[in-house]
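J.: Pasting a structure below so you can have a look.
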Amino acid sequence: MCATTVTNPLDVIKVRMQTSARRRAGALVGTALDVGRREGLGTFWRGISPALTRAALYGGCRLGLYDPMLRVVAPAVEREREGAPRVATRLLAGAASGAFAAAALNPTELLKTRMQTEAGASTTLVGHLRAVVREGGVGGLWRGSGLAMMRSAVLTATQVATYGEVKRRVVDLGLVDADGAKWRLHFAVAMLTGVVTTATTNPVDMLKTRLYVANAAASGGANAPTVRGTLVDVLARYGPFGLFRGFSANYMRLGPQTVVTFVVAEYLRERFGMSAL
């Protein structure tokens, strides 16, 4: 929730860049200035209520379930191996916890994205909820859940596995004293983790965003948007690099979000007597 509060404006900019009808997505700063000038500064906080709800529930599940998943997966995958879990084991545990969290909480992501995309007068959260249910039934709240699960699996797997592995190697090499300025260690490792996470998740995130805001009238009908149709449309309109639209805003969001998430998480885990990530 701390990370989401800090990065919501960048999330809005990323969504606007990904859903722009222009062949070339606008630059990060240009998009921000255009949105602020046309719709006011309050626009950057659209979707904050479902975003915080999602952060508490989805974020809590995907990161909170990582350790339990790791304890279940490690004995089955690594047998009698001792020491730190392999990277592959970390990836598997992160993917499982991320996919589960996304499947359970897809409605919060869908409503947040729709609110952030809307221009002009902002519809309330309840208004968007009613509209989605009216258009596609309760099942409409899980539109794009397959992509959301894929993105969350990739996000959590690369995020926690990269963070844990890079931190271990940095400490082993003696580049940073783990018992000294811990915040410096967490900050540096988290920023690098943000680069890896953004690169691996941006294509899926791009398709998920387009699918969430596709013509609502088509929900549940013969012309209902599909993952394949959305991918074909993006490639036809923008080419292969269209899958990386909003990359700069995505990293500007995921970088600080990863830093805040892990720095705060490490601090809280230490305060509550838990082991470091």
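J.: Can you tell which of Ala88, Ala157 is in a helix (DSSP H, G or I) and without any contact (Cβ under 8 Å) to a residue 40 or more places away in the chain?
T.: On the way: Ala157 fails: without any contact (Cβ under 8 Å) to a residue 40 or more places away in the chain.
Within the list Ala88, Ala157, the selection yields Ala88.
J.: Any idea how many residues of segment 215-236 are surrounded by fewer than 13 Cβ atoms within 10 Å (Cβ to Cβ) and modelled with pLDDT of 85 or more?
T.: So the answer is 3.
J.: Let me ask something else. Do you know which residues across segment 226-277 are farther than 13 Å from Ala190 by Cα and not in a helix (DSSP H, G or I)? Please lay out each step first, then the result.
T.: The first filter runs over segment 226-277 and keeps only residues farther than 13 Å from Ala190 by Cα, leaving 226-250, 267-276.
Scanning segment 226-277 gives Thr226, Gly239, Arg245, Gly246, Phe272, Gly273, Met274, Ser275, Ala276.
J.: Looking for something modelled with pLDDT of 85 or more, under 30 Å from Ser275 (Cα atoms) and either among the aromatic types (Phe, Trp, Tyr) or touching a Leu at 6+ places or on another chain (Cβ under 6 Å) (or both) - is there at least one such residue anywhere in segment 201-214?
T.: Checked segment 201-214: at least one residue is modelled with pLDDT of 85 or more, under 30 Å from Ser275 (Cα atoms) and either among the aromatic types (Phe, Trp, Tyr) or touching a Leu at 6+ places or on another chain (Cβ under 6 Å) (or both).
J.: Also, I was wondering about something else. Show the residue pairs that are 6+ apart or on different chains and have beta-carbon atoms under 6 Å apart, the first residue being within segment 1-15 and surrounded by fewer than 24 Cβ atoms within 10 Å (Cβ to Cβ), the second being at pLDDT below 85 and hydroxyl-bearing (Ser, Thr, Tyr).
T.: none
J.: If we scan segment 33-53, do we find a residue that is of a type in the set (A, V, I, L, M), farther than 17 Å from Ser152 by Cα and outside any helix (DSSP H, G or I)?
T.: Looking through segment 33-53, none of the residues is of a type in the set (A, V, I, L, M), farther than 17 Å from Ser152 by Cα and outside any helix (DSSP H, G or I).
J.: May I ask you to say which residue of Gly139, Gly146, Gly164 is surrounded by 21 or more Cβ atoms within 10 Å (Cβ to Cβ), in contact (Cβ under 8 Å) with a residue 60 or more places away in the chain and more than 19 Å from Ala51 (Cα to Cα)? Steps first, answer last, please.
T.: Values: Gly139 fails: surrounded by 21 or more Cβ atoms within 10 Å (Cβ to Cβ); Gly146 fails: surrounded by 21 or more Cβ atoms within 10 Å (Cβ to Cβ).
Selected residue: Gly164, the only one of Gly139, Gly146, Gly164 that is surrounded by 21 or more Cβ atoms within 10 Å (Cβ to Cβ), in contact (Cβ under 8 Å) with a residue 60 or more places away in the chain and more than 19 Å from Ala51 (Cα to Cα).
J.: With the condition kept exactly as written, say whether any residue in segment 68-87 is modelled with pLDDT of 80 or more, buried (at least 19 other Cβ atoms within 10 Å of the Cβ) and touching a Pro at 6+ places or on another chain (Cβ under 7 Å).
T.: Yes, that holds for at least one residue.
J.: Out of the residues in segment 110-127 that are outside any loop (DSSP other than H, G, I, E, B) and surrounded by fewer than 24 Cβ atoms within 10 Å (Cβ to Cβ), state the one that is modelled with the lowest pLDDT.
T.: Top of the filtered list is Thr117.
The values are calculated or read from the model by the stated rules, or taken from the named source; none is laboratory data. In this text the structure is predicted, and so the values were computed from the model without any measurement. As a convention, Cβ positions derive from the backbone with ideal geometry for all residues, glycine included, and neighbour counts pool all protein chains shown.
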